[in-house]
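The values are calculated or read from the model by the stated rules, or taken from the named source; none is laboratory data. Given the structure is predicted, the values throughout are model-derived calculations rather than measurements. Cβ sites come from the backbone with ideal geometry, for glycine too, and all protein chains shown count toward neighbours.
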Amino acid sequence: MPQKVNGYLASDGQFFETEAECARHEYAQSITRLCEAHTIHVENFFMLLREWNEEIKGYYHADEACKQSAVFRTGQVKFADAEEVLPARDDHKDARERSKDAPGFLELAFRRDQ
């Protein structure tokens with residue numbers, strides 16, 4: 001029997017009662033596709049996103065209030081800017097070198113105890 005419903009349908013066919021839940025699902029799906037395309041472990045990315053939530057929100061709110069673009073935005077970094085902002089390689093003489101082929105944190109699969 002047909003039933004009248006109120007809610008939101010995501011592009012993948014999932015139903016949500018609120019627009020916010022549907023939007024979150026859509027963005028999560030987009031982020032998942034981006035992570036997969038760039039060999040970034042999705043669970044690790046979302047774990048960092050949740051843990052760094054306050055700092056990330058604070059950065060974006062502060063950035064929106066600035067007149068000039070942030071140096072680290074994609075396509076905004078110029079070689080000279082990077083030299084001014086990033087420390088010279090000599091500053092890290094005691095840092096361990098890792099193989100350029102070794103996976104980074106966001107590429108590794110592991111589960112953290114909840």
| said: Just checking, does the stretch 23-38 include any residue being exposed (fewer than 10 other Cβ atoms within 10 Å of the Cβ), at pLDDT below 95 and under 24 Å from the mean Cα position of the chain (by Cα)? | reply: yes
| field | Selection within the stretch 1-22 - under 18 Å from PHE46 (Cβ atoms) and exposed (fewer than 10 other Cβ atoms within 10 Å of the Cβ) | value | ASP12
| request: Pairs only if they're at least six apart or on different chains, beta carbon under 9 angstrom, first in the stretch 1-23 and acidic (Asp, Glu), second exposed (fewer than 10 other Cβ atoms within 10 Å of the Cβ); list them, first residue then second. | output: GLU17/ASN6
| message | Of the conditions (1) surrounded by 11 or more Cβ atoms within 10 Å (Cβ to Cβ); (2) outside any helix (DSSP H, G or I), MET47 satisfies every one except a single condition; which number is it? | response | (2)
| note | Checked against (1) assigned to a loop (DSSP other than H, G, I, E, B); (2) among the charged types (D, E, K, R); (3) at pLDDT below 60, ASP91 satisfies every condition except (1)
